[in-house]
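Asks: Below: one structure in structure tokens.
The values are calculated or read from the model by the stated rules, or taken from the named source; none is laboratory data. Computed from a predicted model, the values in this text were never measured in an experiment. Every residue, glycine as well, gets a Cβ built from its backbone with ideal geometry; the counts of neighbours run over all protein chains shown. Side chains are part of the model used for accessible areas, which takes the heavy atoms of the whole protein and leaves out ligands, DNA and RNA. Shrake-Rupley method; radii C 1.70, N 1.55, O 1.52, S 1.80 Å.
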Amino acid sequence: MLDLKYVRAHADEVKERLATRGVDATEIDAFLADDVKRRELLVQTEELKARRNTVSDEIGLKKRAKEDASDVIAEMQAVSAKIKELDEQVALVDEALQARALHFPNLPNPGIPVGPDEAANREERVWGDITELPFTPKAHYEIGEDLGILDWERGAKVSGARFVYYVGQGARLERAVYNFMLDEHQKEGYKEMITPYLVKDLAMFGTGQYPKFMDDAYRVGTNDDMTLIPTAEVPLTNYYREEVIPAEKLPISITAVSPSFRQEAGSAGKDTRGLIRMHQFNKVEMVKFAKPEQSYAELEKMTANAENILQKLNLPYHVITLSTGDMGFSAAKTYDVEVWMPQQNVYREISSVSNTEAFQARRAQIQYRDEDGKLQFVHTLNGSGLAVGRTVAAILENYQNADGTVTIPEVLRPYFGADQIVAEDTL
């Protein structure tokens with residue numbers, strides 16, 4: 001959520017910056033008009049409350065003097081009725097302000113590329129040599145089917161499209177990947193957590209998924225006040241919801257592996273085969289809480305933590321800075337890490353690392369006290385470290401062999417228990 005005081009004091013700048021994210025200036029004007037109306041109503045209310053206090057004193061004086069107080073009593077009743085009317089108007093304006101505020105995306109960092117979509121993204125660096133295979137590479141889903149380690153047919157039978165069974169060595173590979181990731185993140189100072197997989201609506205509002213992306217979520221329960229998490233970012237960030245973090249603890253780094261559940265309502269027809277876009281997938285998430293002056297250094301560290309996984313797996317990738325039009329709702333700046341997929345002959349996103357500055361913390365009321373003892377909002381950061389299914393897909397494609405087997409990256413062998421995936425008997 002944006003800082004109302006900042007919007008009020010820098011209206012033209014806010015309009016200019018949010019215009020790069022598709023927000024029309026008239027929406028800011030309407031928001032500020034509601035803010036002016038609210039303040040005017042509050043002034044009227046305070047004046048009437050002061051008058052009511054005066055009238056109450058007059059009533060007391062008249063009663064003690066045994067004088068008729070009916071006229072001032074009538075006036076007090078009229079004033080009280082007007083105050084109630086104004087309070088109701090303030091509540092309505094507050095509701096309108098809140099509704100508008102919740103739909104404004106974060107202000108983009110001034111240093112990111114401006115553009116309407118991914119075409120404006122900026123490549124920052126490339127790591128590794130693109131995998132060149134001496135045979136026509138297969139797609140990861142073909143490899144998985146041929147080896148008997150990924151079963152989409154039965155996944156669809158039981159749950160529908162975009163669900164899969166990992167079988168035998170496939171399940172072992174997935175487990176090896178996320179255990180390796182968690183161990184690496186712990187070495188970098190992240191504290192591991194196991195989070196709830198169901199969260200309240202307030203948690204989804206806190207990280208910015210609600211109300212804008214409610215249609216993409218799996219809501220459960222008779223009162224629809226619980227949601228299956230779309231990412232561990234939600235429970236991890238909300239861990240400190242409505243708390244004041246001791247300043248000396250900042251920055252704080254935490255990590256978790258969890259299933260992620262997404263309806264992907266806005267992605268019809270995209271990646272309908274394979275592990276790239278599933279309704280349920282595992283992801284290792286990294287989250288940081290930092291002071292404002294620390295947060296952009298922590299963004300670079302978090303991105304390096306995601307890159308570290310790919311480097312140790314020896315998977316080629318590049319890092320891009322997302323443009324204003326391609327960036328997520330809550331983010332002020334985002335790096336996407338994209339891994340090379342030989343069959344598609346293209347880089348595909350495997351991690352997205354964002355600094356949301358105070359946007360999420362303001363919604364979730366996560367604060368700390370500065371050196372002067374004043375409450376300030378922390379900056380929150382989040383990133384995939386990595387999307388596990390996409391990492392499995394990248395391993396299958398980049399490490400495939402002409403005979404149909406798949407070589408296991410060296411760092412994963414202690415976790416996997418073998419150096420190769422070979423075809424096995426299906427169940």
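Asks: Going Cα to Cα from Lys288, which aspartates and glutamates come in below 13 Å? Please leave out same-chain ones fewer than 8 positions away.
Replies: Result set, ordered by chain and number: Glu188, Glu192, Glu233, Glu298, Glu300, Glu357.
Asks: May I ask you to list the GluC sites (Glu not before Pro) in the stretch 125-166 that are in a DSSP loop and have at most 15 other Cβ atoms within 10 Å of their Cβ?
Replies: Working: sites: Glu132, Glu142, Glu145, Glu153; in loops: Glu132.
The qualifying sites are Glu132.
Asks: Considering only protein heavy atoms and a 1.4 Å probe, what is the carbon-and-sulfur percentage of the accessible area of the stretch 267-422?
Replies: 41
Asks: Could you tell me the distance between the Cα centroids of the stretch 401-427 and the stretch 162-206, to the nearest Å?
Replies: After rounding, the separation between the Cα centres reads 22 Å.
Asks: Just to compare against my own numbers: the Cα pair-distance distribution for the stretch 11-94, 10 Å bins, whole % per bin, please.
Replies: Whole-percent P(r) values from 0 Å outward: 16, 29, 20, 16, 10, 6, 2.
Asks: Further question: Given a cut-off of 24 Å, name the pairs among Lys301/Lys333; Lys200/Lys291; Lys15/Lys283; Lys291/Lys333; Lys200/Lys374; Lys5/Lys49 whose C-alpha atoms lie farther apart than that in the structure shown.
Replies: On the way: Lys301/Lys333 14 Å; Lys200/Lys291 27 Å; Lys15/Lys283 36 Å; Lys291/Lys333 16 Å; Lys200/Lys374 30 Å; Lys5/Lys49 26 Å.
Long pairs (Cα-Cα over 24 Å): Lys200/Lys291; Lys15/Lys283; Lys200/Lys374; Lys5/Lys49.
Asks: A follow-up question, please. Given a 10 angstrom Cα cut-off, can you work out which residue in Thr324, Thr207, Thr227 is the most mobile in a GNM of the chain?
Replies: Of the options given, Thr227 has the highest mean-square fluctuation.
Asks: Suppose a student asked you for the relative contact order of the stretch 307-347, using Cα pairs under 8 Å spaced at least 6 residues apart; what percent would you report? Write down the numbers at each step before the final one.
Replies: Numbers: 40 pairs, mean separation 16.0, N = 41.
Result for the stretch 307-347 is 39 percent.
Asks: For the chain, with equal point scatterers placed on the C-alpha atoms only and solvent neglected, what are the log10 I(q)/I(0) values from the Debye formula at q = 0.06, 0.10, 0.11 1/Å, to two decimals?
Replies: Rounded to two decimals, the profile gives -0.34, -0.77, -0.89.
Asks: Then there's this: Can you spot the aspartates and glutamates whose alpha carbon is less than 13 Å from Lys62's alpha carbon? Ignore those fewer than 8 places along the same chain.
Replies: Within reach: Asp71.
Asks: Now a separate question. Looking at the calculated P(r) for the stretch 1-155, what percent of the C-alpha pair distances fall above 23 Å? Provide the component values of the computation, followed by the final result.
Replies: Working: 8021 of 11935 pairs.
Result: 67 percent of Cα pairs exceed 23 Å.
Asks: Please state the shape class of the stretch 100-166: rounded when a/c is under 1.5, otherwise prolate if a/b exceeds b/c and oblate if not, all from the C-alpha gyration tensor. Provide the component values of the computation, followed by the final result.
Replies: Numbers: a/c = 4.27, a/b = 1.48, b/c = 2.88.
Oblate shape, in that a/c is at least 1.5 and b/c is the bigger or equal ratio.
Asks: Still on this structure: Relative contact order of the stretch 26-143: what whole-number percent is it, with Cα pairs under 8 angstrom and at least 6 residues apart? Don't skip to the end; give the middle numbers.
Replies: Working: 47 pairs, mean separation 34.0, N = 118.
Computed value for the stretch 26-143: 29 percent relative contact order.
Asks: Connecting C-alpha atoms closer than 10 Å in a GNM of the chain, tell me which of Glu27, Glu192, Glu349 has the biggest fluctuation.
Replies: Sorting by GNM fluctuation, first place goes to Glu27.
Asks: Can I ask one more? Based on Cα coordinates alone, diagonalise the gyration tensor for the stretch 295-427, multiply each eigenvalue by 5, take square roots, and list the semi-axes in whole Å, largest first. Don't skip to the end; give the middle numbers.
Replies: Values: eigenvalues 287, 52, 30 Å².
Value: 38, 16, 12 Å, ordered largest first.
Asks: Let me ask another. Most fluctuating residue of Asp24, Asp151, Asp336 in a GNM of the chain with Cα springs under 10 Å: which is it?
Replies: Asp24
Asks: Still on this structure, I have one more. Keeping all protein chains in the complex and leaving out DNA, RNA and ligands, what accessible area do you get for Glu75 with a 1.4 Å probe, in Å² to the nearest 10?
Replies: Probe radius 1.4 Å; accessible area of Glu75 about 60 Å².
Asks: Sticking with this one: Count neighbours as other Cβ atoms within 10 Å of each site's Cβ, and list the trypsin sites (Lys or Arg not before Pro) in the stretch 360-418 that are DSSP loop with at most 15 such neighbours. If you can, show how the numbers build up before the last one.
Replies: Values: sites: Arg362, Arg363, Arg369, Lys374, Arg390; in loops: Lys374.
Counting only loop positions with at most 15 other Cβ atoms within 10 Å, the trypsin sites (Lys or Arg not before Pro) in the stretch 360-418 are Lys374.
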